[in-house]
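The values are calculated or read from the model by the stated rules, or taken from the named source; none is laboratory data. Please read all numbers here as calculations on a predicted model, not as lab measurements. Cβ coordinates were reconstructed from backbone atoms using ideal geometry, including for glycine residues, and neighbour counts include every protein chain displayed.
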Amino acid sequence: MAYHTYLTILVPCIAGFVFSIIALMFLKSYMFESGITSPDHNKKSKPTIPSSGGLAVVFGFTIGVLTYIFGSSFHIYTSFVSLEYLFATLLSVLLVAFVGFLDDVNVKKSMVKTTDMMDTRKGLKQWQKPLLTLVGAVPLMAINAGVKVVAIPFVGAVNFGIFYPLIIIPLAVVFASNAFNLLGGFDGIAGGTGLIASLGMLLYSIIYGSYVGALITSILAAAIMAFLVFNLYPSKITPGDSFSYGVGTGLVVAMIVGSMESFGLIVFMPWIIEFILHARRRFKVTDLGKLRSDGTFEPPYGKKIYSWTHIIMNLKRCTEWEVSLYMWIVELLFVALAFALKSMALL
């Protein structure tokens, strides 16, 4: 595919970024006034900051995709993407992000214990989250999205046939949205890793000619960039589950419709590992550390490891922004590994 065709993505990306910024400016005050907030356990003063900034990311992503659809419908440019795929993508992301928002708005007046520390949210029950996020797979299943033959690293090509839309897609959406939700708690950690993952898949899409993959990941990356303006240390708004569920779904949808499942599997490996680590303690675990007087963090479980953040805190005395930075580096290394495996024809 000629590279000049990718220029049609620029305007939707700009729209996604701008509208995400506008939405974040609104949500920052609106969520605080509405009481949809969370205490920042990583600061000595434990300030209360507005939550569910992910709504702005999903809003910006939606506007960006609709901007592209508008240009295509009015023949401003030639579309290279099926509108059926784009509407299914939007619906999947919106449905799962809404589930995350339901979790965000369940604010209790009294403090409740969600993991290993007191929080202000009770949230959805553990069994409700995968059940509700399953709804997000329905639009993709309905249009029979993706390809049936998937190259699995170190295994080879596997033809899943009818099991791909009926089994693989639902499992992928449920797992990706819920697993992405496990790694967070530090300013910029979720946004930074999500941005690196989306940019990695964007680069893959451009190099290997997946226009639909490039469209989805570029708009998603633009919306996440806008969010990071408000979420980098010190954070002015937290992502909330609406962010993690929405972005996790956006990434897995890009893998499916962009036909880059095997590449995306390696890119998503940090969250897969995080899922395994959390499962060792039945998901009743916190990523946060114990704040020392010098602003660094002590591992919450000593030498026991139940999260990537525990590994980082055991290796070095880190401040909050350093924990996030090292996690970004971990994700960047997995993106590099995915490209290395692809160049070796293992994907």
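Odds and ends about this structure:
- Residue within segment 94-113 that is at pLDDT below 90, closer than 23 Å to residue 265 by Cβ and part of a loop (DSSP other than H, G, I, E, B) present: no
- Members of segment 1-58 found to be assigned to a loop (DSSP other than H, G, I, E, B), of a type in the set (Ser, Thr, Tyr) and within 23 Å of residue 198 (Cβ to Cβ), listed by number: 51, 52
- If the condition is being over 30 Å from residue 213 (Cα atoms), surrounded by 19 or more Cβ atoms within 10 Å (Cβ to Cβ) and at pLDDT 90 or above, then segment 8-50 contributes 31, 49, 50.
One line per residue, one yes/no per condition, for (1) farther than 20 Å from residue 319 by Cα; (2) in contact with a helix residue (DSSP H, G or I) (Cβ under 8 Å, 6 or more places away or on another chain); (3) without any contact (Cβ under 8 Å) to a residue 60 or more places away in the chain:
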site: 191; (1), (2), (3): no, yes, yes
site: 207; (1), (2), (3): yes, no, yes
site: 210; (1), (2), (3): yes, yes, yes
site: 215; (1), (2), (3): yes, yes, no
site: 219; (1), (2), (3): yes, yes, no
site: 227; (1), (2), (3): yes, yes, no
site: 234; (1), (2), (3): no, no, no
site: 241; (1), (2), (3): yes, yes, no
site: 245; (1), (2), (3): yes, yes, no
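- Checked against the criterion of being surrounded by 24 or more Cβ atoms within 10 Å (Cβ to Cβ) and either free of Cβ contacts under 8 Å to residues at least 40 places away in the same chain or over 18 Å from residue 172 (Cα atoms) (or both), segment 255-263 has no qualifying residue.
- For residue 238, the conditions (1) outside any loop (DSSP other than H, G, I, E, B); (2) under 12 Å from residue 191 (Cβ atoms); (3) β-branched (Val, Ile, Thr) all hold with the exception of (1).
- Applying the set (1) over 21 Å from residue 213 (Cα atoms); (2) modelled with pLDDT of 95 or more; (3) of a type in the set (Phe, Trp, Tyr) to residue 59 leaves exactly one unmet item: (1).
- Looking across segment 307-318 at every residue that is touching an Asp or Glu at 6+ places or on another chain (Cβ under 9 Å) and more than 18 Å from residue 193 (Cβ to Cβ), the one that is surrounded by the fewest Cβ atoms within 10 Å (Cβ to Cβ) is identified as 316.
- Identity of the residue in segment 269-291, under 14 Å from residue 310 (Cβ atoms) and in contact with a helix residue (DSSP H, G or I) (Cβ under 8 Å, 6 or more places away or on another chain), that ends up surrounded by the most Cβ atoms within 10 Å (Cβ to Cβ): 289
- Scanning segment 60-73 for residues that are touching a residue at least 60 places away in the same chain (Cβ under 8 Å) and either closer than 19 Å to residue 194 by Cβ or assigned to a loop (DSSP other than H, G, I, E, B) (or both) gives 60, 61, 64, 65.
- Residue match in segment 189-208 (condition: closer than 19 Å to residue 98 by Cβ and in contact with a Gly (Cβ under 6 Å, 6 or more places away or on another chain)): yes
- Any hit, segment 317-326, residues being under 15 Å from residue 41 (Cα atoms), touching a His at 6+ places or on another chain (Cβ under 7 Å) and not hydroxyl-bearing (Ser, Thr, Tyr): no
- Note on segment 192-211: among residues that are outside any helix (DSSP H, G or I) and among the small types (Gly, Ala, Ser), the one that is modelled with the lowest pLDDT is 209.
- Within segment 258-347, helices (runs of 4 or more DSSP H) holding 2 or more residues that are small (Gly, Ala, Ser): 261-267, 320-343
- For segment 130-139, the count of residues that are assigned to a helix (DSSP H, G or I) and at pLDDT below 85 is at least one.
- Test: residue in segment 327-335 that is buried (at least 17 other Cβ atoms within 10 Å of the Cβ), over 30 Å from residue 211 (Cβ atoms) and at pLDDT 95 or above: yes
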